Protein chains: 2
Amino acid sequence: MLTIAVDAMGGDNAPRAEVEGAVRAARTLDTQVILVGRKEILEKELAQHEGSDSLPIRIEHASEQVTMEDSAARAVRTKRDSSIRVASRLVRDGIAQGVVSAGNTGAIMATAKMVQGVVPGVDRPALASAFPTMKGTPVVVIDVGANVDCTPRMLAQFAVMGDIYARVIFRNPNPRVGLLSIGEEEHKGNELTRSATPLLKTLPLNFIGNVEGRDIYTGAADVIVCDGFIGNVALKVSEGLVEIIKFMLKESLEATITRKIGYVLSKAAFTDFKKRVDYSEYGGAPLLGVKGVAIICHGRSNANAIKNAIRVAAEFAGSNVNRRIENGLKEWSASKAVAKVL
Amino acid sequence: MLTIAVDAMGGDNAPRAEVEGAVRAARTLDTQVILVGRKEILEKELAQHEGSDSLPIRIEHASEQVTMEDSAARAVRTKRDSSIRVASRLVRDGIAQGVVSAGNTGAIMATAKMVQGVVPGVDRPALASAFPTMKGTPVVVIDVGANVDCTPRMLAQFAVMGDIYARVIFRNPNPRVGLLSIGEEEHKGNELTRSATPLLKTLPLNFIGNVEGRDIYTGAADVIVCDGFIGNVALKVSEGLVEIIKFMLKESLEATITRKIGYVLSKAAFTDFKKRVDYSEYGGAPLLGVKGVAIICHGRSNANAIKNAIRVAAEFAGSNVNRRIENGLKEWSASKAVAKVL
């Protein structure tokens, strides 16, 4: 049975959401969970879930916790017994196969890279996030925030990692990989995208050229590669827009009594809909390129989001994503095509 | 009376949307319109609107048109009698005070810069776009696509231009100006944003530091500054997300008969809502920093979008935006604060 370590002190709703998510995961999935954090707090929280003592959950004590205000560097340097660090160590030592955290994103990334280490051949791990598309199939956007200033070589590695993730986790036999830019034509873009294009063309995968911001949602690509600054902005713009649309719709719907009746009758549709655009259904963002598995959840994650992240972590750990990334990068570096460009 | 030149051959729905938009504008606003394009086509189109011969609309012939496939450079170099070029020339010559086009964005920008010229002190004109916010007041995002690789100095100039636009057009007495980045703290960002921050702090305006992607919609700032690559991605991501949300809501609402009844009863709310997120209500994006006025509309603009763009162009032309930009930049360049940083 696979074991996933959950940083139980990380998110805005910690430890409640983390503990409840772990309980749900342990009840419904074939996975063991280690909750990492202050023992006395976690024991009390866990005891509130009936029958939790017979579930495959155990607690690992960590005396410190990283806050949202800590810089990544500070967290790594000074908080050596933080919940995220202890969780990462469990993966390094082979006690757990993956870690899930809804804490400080920068600190989780820095810790995972340092403690768990990096897959051979990967220069920089990158954060991947799945978005829903009009076609019904998800698209993997990589990088959504791990690396703010990227080189063409980094983008090429992101493409390899995203491609393999889409193949293994979303069972897509031939993902279409696009480069996020501001026009479909090759010459449209910035310095980075224009110099990345020839390199991306040398990859042994289905590179389809530039895609635009709207294509995150059209389903025109299965994997979209970008630097972490752009990817993060795209992610956050989407979050903000979903909020304002919910708000405006509610306001419009509450304006008259007829509409209110309409709202009641169509409520199920809204619940459906919210679920479909809810990031929590997608189970967090994997940091691709680190050894083992690290899944980063939104700070506001609820129990459902944590449960889904545990599911994704276990699925990832049970597959051969990292081995395939290593082999993919080795093959590509050795290829004649890339030798011509570099 | 102000006169606005409309490139009638530009958009996806040209010349129908352009001509109808001009008719609506001429009927409801105190503005004269010059439709620019193939005379015989425009005459025929205009004749379909009853009573249009008594409206303040005239046609200016242009034998060529720029297509969406033309590169900006090619359009400027080879199509010297294109509708956009002739329209821009009318502004240069003082016959019209502004130009509106839903054509090839790159070509419009290149043409306006070259033909109309640039406001003294501006290095690079930038495209501004208004977005709706939770607070009900619009936010001006600048640049959304004119300049893909920017320097800190360019971002500072965008801040000045956006600030003045928000003051004059949106009547905001003290706009909060934010820098689009990936975290509120100053150190969070990429090389460009980190080096732009000290410069932005020297501006004689209300600079509030970094804002995140979601803040485009929260209303945390009234002006958001970014390079044109990021801004364009943010704009297009938003368009794509609005499309998928419409699609998913419709699908969810049509799933059962009770929901269908609910849908009928709440339809007015949807119409309301669509209007509020509809870019066409915002009347296109001004290219700030060019002499005269140039308003760029979405290729898919309908008559309503064109009418609103004509309204904004007239409002812009009737104000002193360009003079204030010129003075603002002059004052800033001469200030002691900026001398210390540069």
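The values are calculated or read from the model by the stated rules, or taken from the named source; none is laboratory data. Everything numeric here is computed off the predicted structure, so don't read it as measured data. Cβ placement follows ideal geometry from the backbone for every residue including glycine, while neighbour counts extend to all protein chains displayed. Note: areas computed on protein heavy atoms with side chains; ligands, DNA, RNA excluded. Shrake-Rupley method; radii C 1.70, N 1.55, O 1.52, S 1.80 Å.
Check whether at least one residue in the stretch B:210-224 is in contact with a Phe, Trp or Tyr (Cβ under 9 Å, 6 or more places away or on another chain), facing chain A (nearest Cβ under 8 Å) and farther than 20 Å from A:Asp215 by Cβ, and report yes or no. Step through it out loud before you land on a result.
Initially, the stretch B:210-224 is screened for residues in contact with a Phe, Trp or Tyr (Cβ under 9 Å, 6 or more places away or on another chain), giving B:216-217, B:222-224.
So of that shortlist, the ones also facing chain A (nearest Cβ under 8 Å) come out as B:216-217.
If we keep only those that are farther than 20 Å from A:Asp215 by Cβ too, we end up with B:217.
Yes: one or more hits.
Any idea which of A:Leu35, A:Leu29, A:Leu127, A:Leu90 is out of contact with any Lys or Arg (no Cβ under 6 Å at 6 or more places or on another chain) and over 30 Å from A:Leu329 (Cα atoms)? Before the answer, list the steps.
Working: A:Leu29 fails: out of contact with any Lys or Arg (no Cβ under 6 Å at 6 or more places or on another chain); A:Leu127 fails: over 30 Å from A:Leu329 (Cα atoms); A:Leu90 fails: over 30 Å from A:Leu329 (Cα atoms).
After applying the criteria, what remains is A:Leu35.
Determine if the stretch B:309-316 includes at least one residue that is under 15 Å from the mean Cα position of the chain (by Cα), at pLDDT 90 or above and open to solvent by 20 Å² or more (accessible area, probe 1.4 Å).
Of the stretch B:309-316, the ones under 15 Å from the mean Cα position of the chain (by Cα) are B:309-316.
Imposing the further condition that a residue be at pLDDT 90 or above reduces the set to B:309-316.
Right, trim to open to solvent by 20 Å² or more (accessible area, probe 1.4 Å) and you get B:311, B:315.
Yes.
Test A:Tyr263 against the stated conditions and say whether it is modelled with pLDDT of 90 or more and facing chain B (nearest Cβ under 7 Å). Don't jump to the end; show me each part of the working.
On the way: modelled with pLDDT of 90 or more: no; facing chain B (nearest Cβ under 7 Å): yes.
So A:Tyr263 fails the test.
Only residues that are at pLDDT 95 or above and surrounded by 22 or more Cβ atoms within 10 Å (Cβ to Cβ): list them for the stretch A:117-133, please.
A:Val122, A:Pro125, A:Ala126, A:Leu127, A:Ala128
Can you pull out every residue in the stretch B:182-192 that is at the interface with chain A (Cβ under 8 Å from one of its Cβ atoms) and open to solvent by less than 70 Å² (accessible area, probe 1.4 Å)?
Correct list: B:Ile182, B:Gly189, B:Asn190.
Could you say whether any residue in the stretch B:322-338 is closer than 23 Å to B:Ile34 by Cα and either crowded, with 21+ Cβ neighbours inside 10 Å or over 15 Å from the mean Cα position of the chain (by Cα) (or both)? Give the derivation first.
Keep residues of the stretch B:322-338 that are closer than 23 Å to B:Ile34 by Cα, which gives B:322.
Going one step further and asking which of them are either crowded, with 21+ Cβ neighbours inside 10 Å or over 15 Å from the mean Cα position of the chain (by Cα) (or both), we end up with B:322.
Looking for residues that are closer than 23 Å to B:Ile34 by Cα and either crowded, with 21+ Cβ neighbours inside 10 Å or over 15 Å from the mean Cα position of the chain (by Cα) (or both), one finds at least one in the stretch B:322-338, hence yes.
Tell me which of these B:Arg16 doesn't satisfy, since it passes every other one: (1) crowded, with 18+ Cβ neighbours inside 10 Å; (2) at negative phi; (3) modelled with pLDDT of 95 or more.
(1)
Among the numbered criteria (1) closer than 24 Å to A:Ala166 by Cβ; (2) at the interface with chain B (Cβ under 9 Å from one of its Cβ atoms), which single criterion is violated by A:Thr256?
Exception for A:Thr256: condition (1).
Identify, by number, the condition in (1) under 18 Å from B:Ile142 (Cβ atoms); (2) within 12 Å of chain A (Cβ to nearest Cβ) that B:Arg171 doesn't meet.
Only one criterion is unmet by B:Arg171, namely (2).
When you check B:Leu253 against the structure, is it at negative phi and in contact with a strand residue (DSSP E or B) (Cβ under 9 Å, 6 or more places away or on another chain), yes or no?
Here the answer is no, as B:Leu253 does not meet what is asked.
Cβ-Cβ under 6 Å, sequence separation 6+ or interchain: first residue in the stretch A:9-25 and in a helix (DSSP H, G or I), partner among the basic types (Lys, Arg). Which pairs?
Partner pairs satisfying both residue conditions: A:Gly21/A:Lys307; A:Arg24/A:Lys307; A:Ala25/A:Lys307.
Report, ordered by the first and then the second residue, all pairs with beta carbons closer than 6 Å, sequence separation of six or more or different chains, a first member in the stretch B:186-209 that is without any contact (Cβ under 8 Å) to a residue 60 or more places away in the chain and over 13 Å from B:Val338 (Cα atoms), and a second member that is of a type in the set (Phe, Trp, Tyr) and surrounded by 18 or more Cβ atoms within 10 Å (Cβ to Cβ).
B:Asn190/A:Phe229
Quick test for you: out of B:Asp143, B:Asp70, pick the one residue that is under 30 Å from A:Leu249 (Cα atoms) and of a type in the set (D, E, K, R).
B:Asp143
Need the failing condition index for B:Ser129 against (1) facing another protein chain (nearest Cβ under 10 Å); (2) hydroxyl-bearing (Ser, Thr, Tyr); (3) outside any helix (DSSP H, G or I), just the number.
Of (1) facing another protein chain (nearest Cβ under 10 Å); (2) hydroxyl-bearing (Ser, Thr, Tyr); (3) outside any helix (DSSP H, G or I), only one is false for B:Ser129: (1).
Suppose the filter is open to solvent by less than 30 Å² (accessible area, probe 1.4 Å), of a type in the set (A, V, I, L, M), free of Cβ contacts under 8 Å to residues at least 24 places away in the same chain and within 24 Å of A:Ser301 (Cβ to Cβ); does A:Ile169 pass it?
no
Filter the stretch A:143-164 down to residues that are under 19 Å from A:Ala317 (Cα atoms) and touching a helix residue (DSSP H, G or I) at 6+ places or on another chain (Cβ under 6 Å) and give me whichever is farthest from the other protein chains (Cβ to nearest Cβ).
Selected residue: A:Ile164.
I'd like the full set of residues that are over 24 Å from the mean Cα position of the chain (by Cα) and either part of a strand (DSSP E or B) or within 22 Å of A:Lys188 (Cα to Cα) (or both), limited to the stretch B:44-58. Walk me through it before giving the result.
Here is the first cut: in the stretch B:44-58, the ones over 24 Å from the mean Cα position of the chain (by Cα) are B:44-56, B:58.
Matches in the stretch B:44-58: B:Arg58 only.
Please tell me if A:Met114 is closer than 30 Å to B:Leu192 by Cβ, within 14 Å of chain B (Cβ to nearest Cβ), modelled with pLDDT of 95 or more and part of a helix (DSSP H, G or I).
no
Pick out the one residue from B:Met114, B:Met109 that is closer than 27 Å to B:Leu329 by Cβ and in contact (Cβ under 8 Å) with a residue 40 or more places away in the chain.
On the way: B:Met114 fails: in contact (Cβ under 8 Å) with a residue 40 or more places away in the chain.
The conditions single out B:Met109.
Return yes when A:Ala73 is in contact with a Leu (Cβ under 9 Å, 6 or more places away or on another chain), assigned to a helix (DSSP H, G or I) and either closer than 12 Å to A:Ala294 by Cα or not polar (S, T, N, Q) (or both) and no when it is not.
Numbers: in contact with a Leu (Cβ under 9 Å, 6 or more places away or on another chain): no; assigned to a helix (DSSP H, G or I): yes; either closer than 12 Å to A:Ala294 by Cα or not polar (S, T, N, Q) (or both): yes.
No; evaluated as a whole, the condition is false for this residue.
If you go through the stretch B:146-160 one residue at a time, do you hit one that is touching a Ser or Thr at 6+ places or on another chain (Cβ under 7 Å) and either open to solvent by 50 Å² or more (accessible area, probe 1.4 Å) or at negative phi (or both)? Let's see the steps before the verdict.
Filtering the stretch B:146-160 for residues touching a Ser or Thr at 6+ places or on another chain (Cβ under 7 Å) gives B:152.
Subset that is either open to solvent by 50 Å² or more (accessible area, probe 1.4 Å) or at negative phi (or both): B:152.
Yes, the stretch B:146-160 has at least one match.
Only one residue in B:Gly103, B:Gly136 is under 30 Å from A:Leu241 (Cβ atoms), small (Gly, Ala, Ser) and open to solvent by 50 Å² or more (accessible area, probe 1.4 Å), so which one is that? Let's see the steps before the verdict.
On the way: B:Gly103 fails: open to solvent by 50 Å² or more (accessible area, probe 1.4 Å).
Result of the check over B:Gly103, B:Gly136: B:Gly136.
Please enumerate the residues belonging to the stretch B:164-214 that are of a type in the set (D, E, K, R) and under 23 Å from A:Val237 (Cα atoms). Break it down stepwise before answering.
In the first step, residues of the stretch B:164-214 are kept if they are of a type in the set (D, E, K, R); the result is B:167, B:171, B:176, B:184-186, B:188, B:191, B:194, B:201, B:212, B:214.
Within the stretch B:164-214, B:Arg176, B:Glu184, B:Glu185, B:Glu186, B:Lys188, B:Glu191, B:Arg194, B:Glu212, B:Arg214 qualify.
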